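Quick notes on the structure that follows.
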Amino acid sequence: MVATMKALRKVRAAKGLQMDTVAVPLIGPTEVLVRVKTASICGTDLHIYGWDRWSQGRIKPPVTLGHEFCGTVERVGDEVRAVVAGDFVSAEMHVNCGHCHQCRLGQAHICQNLRIIGIDQDGAFAEFVNIPASNIWRLDASIPEHYGAILDPLGNAVHTVLAGPIAGQTVLVTGCGPIGLMAIAVAKACGSSTVFATETNEKRRAMAKEMGADMVLNPAKEDAVAKILAETNGTGVDALLEMSGNATAIQQGFKALRAGGRASLLGIPTESVPLDLVNDVIFKGATVQGIYGRRMYETWVQMTSLLKAGRLNLDPLFGERASLDRFESAFALLQGGLAGKILLYPNGMPR
Ligand code: NAD
Ligand code: ZN
């Protein structure tokens, strides 16, 4: 076994990332060393690359990025029984403490001491990554390999869609980035009767159609709320799935929600968002939920079932593929907001 490996790291508190040579991680008795086959770039990685205000407060360089990935188990710690060398796996990269109040209540996804692999400790933009055995997710052979690299954002979408009733429901997805696009596919697969989507970016509106949205609106050019109300006999949608983090989209989403509906908020605004609580939440009797990460491990079970049943076609989402050392061009493409999910290969491109 080699002692060193390539890793894409934040080495300095400044813009940019750097390919580095570091030691292959050592594993403890309850940990698993995974040889990364495919990794994918998340919007969060772009923020860390750009070194925005959030990154400056959170990231402690040097650290290897990467929290969307799949790969092959290389070695397991002495106490690990759940997987063996050679297993094809992905992982939940939110690591919970197991003993705080929420963990004890079975709400590990909102653990008080949550650490994220690829943010707070070395992640998967490397030849190898160290994962606690409890967080490893063995992949069913029927799941397409490249889908294994995007289970983290797909899990965000599945968590949001299934946070309330969905079969026979009308749904509005605000924001059709990768997660909004996945949410459209998941909502349709789970029996939503009509999926409305709003998105300001033209290319992403086209993708929303491809993913199965019934009506795609451009809120910058048309009165999306009026259109949705007209299409729902003036009632509004049963569920708002907020996937943009944009203040205007959030406000419009609440206006388009029916009385008694549920608003599931995943998008992360950078500023406080003013809401008309009286008319859009209280008098509506609306249910408002914050959605964070994936439920551990209910979301993973639901996501796996949907994938195994062949209910989700995510192929339109995938864009370029590149070896890890060509990360600069991949990040540049994503900055433009036009690329799909870009796959990176730390151990060489697949044949
Ligand atoms: P993204 O930035 O690629 O997608 C957001 C989309 O919203 C973009 O396509 C953008 O054009 C669109 N948008 C902007 N303004 C709009 C408007 N007024 N109306 C309609 N659409 C508008 O992000 P993503 O990777 O798909 O993630 C979606 C959101 O979820 C982001 O805010 C991200 O930070 C957040 N997120 C939250 C969690 C969580 O656990 N809560 C996890 C991952 C991501
Ligand atoms: Zn905890």
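The values are calculated or read from the model by the stated rules, or taken from the named source; none is laboratory data. Model, not experiment: these values are computed from the prediction. Heads up, the Cβs are rebuilt from the backbone with ideal geometry, glycines too, and the neighbour counts pull from every protein chain shown. To get the accessible areas, we keep the full protein, side chains included, count just its heavy atoms, and leave off ligands, DNA and RNA. Shrake-Rupley method; radii C 1.70, N 1.55, O 1.52, S 1.80 Å.
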Matching residues in segment 163-204 (closer than 19 Å to residue 254 by Cα and surrounded by fewer than 24 Cβ atoms within 10 Å (Cβ to Cβ)) number 8
Within segment 91-102, the residues that are near ligand 2 (Cβ under 8 Å from one of its atoms) and under 27 Å from residue 140 (Cβ atoms) are 96, 98
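Conditions (1) open to solvent by less than 60 Å² (accessible area, probe 1.4 Å); (2) of a type in the set (Val, Ile, Thr), marked per residue:
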{"site": "244", "(1), (2)": "yes, no"}
{"site": "253", "(1), (2)": "yes, no"}
{"site": "263", "(1), (2)": "yes, no"}
{"site": "270", "(1), (2)": "no, yes"}
{"site": "320", "(1), (2)": "no, no"}
{"site": "326", "(1), (2)": "no, no"}
Counted residues in segment 238-256 being in a helix (DSSP H, G or I) and closer than 17 Å to residue 284 by Cβ come to 7
Of the residues in segment 287-305, those that are buried (at least 19 other Cβ atoms within 10 Å of the Cβ) and away from ligand 2 (no atom under 16 Å from the Cβ) number 6
Picking from 351, 311, the residue that is touching a helix residue (DSSP H, G or I) at 6+ places or on another chain (Cβ under 7 Å), of a type in the set (Lys, Arg) and surrounded by fewer than 18 Cβ atoms within 10 Å (Cβ to Cβ) would be 311
TODO: Output yes when any residue across segment 122-138 is surrounded by fewer than 16 Cβ atoms within 10 Å (Cβ to Cβ), in contact (Cβ under 8 Å) with a residue 40 or more places away in the chain, away from ligand 1 (no atom under 15 Å from the Cβ) and closer than 26 Å to residue 315 by Cα, and no when none is.
DONE: yes
All conditions in (1) within 16 Å of residue 69 (Cα to Cα); (2) in contact with a Phe, Trp or Tyr (Cβ under 9 Å, 6 or more places away or on another chain); (3) among the hydroxyl-bearing types (Ser, Thr, Tyr) are true of residue 345 except (2)
Filtering strands (runs of 3 or more DSSP E) wholly in segment 257-334 for at least 3 residues that are within 16 Å of ligand 1 (Cβ to nearest atom) and more than 30 Å from residue 16 (Cα to Cα) gives 257-265, 287-290
Is it the case that residue 141 is within 27 Å of residue 310 (Cα to Cα) and either surrounded by fewer than 15 Cβ atoms within 10 Å (Cβ to Cβ) or in contact with a helix residue (DSSP H, G or I) (Cβ under 8 Å, 6 or more places away or on another chain) (or both)?
yes
Pairing a residue in segment 187-213 that is at positive phi with any residue that is more than 16 Å from ligand 2 (Cβ to nearest atom) and among the basic types (Lys, Arg), where Cβ atoms lie under 7 Å and the two sit 6 or more apart in sequence or on different chains, gives 212/188
Looking across segment 92-108 at residues that are within 16 Å of ligand 1 (Cβ to nearest atom) and touching a strand residue (DSSP E or B) at 6+ places or on another chain (Cβ under 9 Å), the single one that is farthest from residue 121 (Cα to Cα) is 108
